[in-house]
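I'd like to ask some things about the structure below.
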Amino acid sequence: MDKNTTIAIFVLVMILAMFCAGCMSKNEMYLRMKDIENQANHPPTYQVLTIKGPLNIPEGGELVIQAPTQPFVHANIPDGQAYQLKALNTAALTGGALTMGYWIKRSGGGGNTTTTNSNNNNSVLGE
């Protein structure tokens with residue numbers, strides 16, 4: 001793999017990363033919009049008891065007892081951006097590991113080294 005190919009792959013990965021960053025599916029957007037609408041429609045209090053009448057209350061008066069409701073709980077919506085970031089990080093780490101492995105193998109001669117042992121001692125022992 002030459003230097004130009006490495007640069008081209010790096011540029012391609014960066015362009016893909018820019019396209020993926022911040023994307024949200026239509027389904028995820030719909031779920032988030034509905035969750036916001038449900039939160040807006042969720043009353044902070046509810047009426048426990050309403051008393052109307054002339055009972056120590058002026059005519060037409062109204063006594064309302066309110067109690068707080070349960071706090072609004074957001075729906076569990078999968079986060080597409082987090083999944084994209086995780087996939088991008090995994091791809092980057094995998095690519096980095098493969099590139100490092102390639103360069104380590106290349107710096108070591110690629111496994112094509114040949115060791116030649118020559119012994120030019122023509123004398124016979126004991127002579």
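Show the residues, 5+ positions off or on another chain, whose built amide H is closer than 5 Å to the amide H of residue 66.
Those lying under 5 Å, H to H, from residue 66 are 48.
For residue 16 and residue 104, what does the FRET efficiency come to when R0 = 25 Å and r is the distance between their Cβ atoms, rounded to the nearest 0.05?
That pair, residue 16 with residue 104, gives E of 0.45.
For the residue pair residue 90 and residue 70, what label-to-label distance in nm results when each label sits 7 Å from Cα along the Cα-to-beta-carbon direction?
3.4 nm
Any read-out appearing in this document is the output of simple, stated calculations on the displayed coordinates, not a laboratory observation. It should be emphasised that the depicted structure is a prediction, and the values quoted were computed from it without experimental measurement. Quick reminder, even Gly has a Cβ in these numbers, built from the backbone with ideal geometry, and neighbours come from all protein chains shown.
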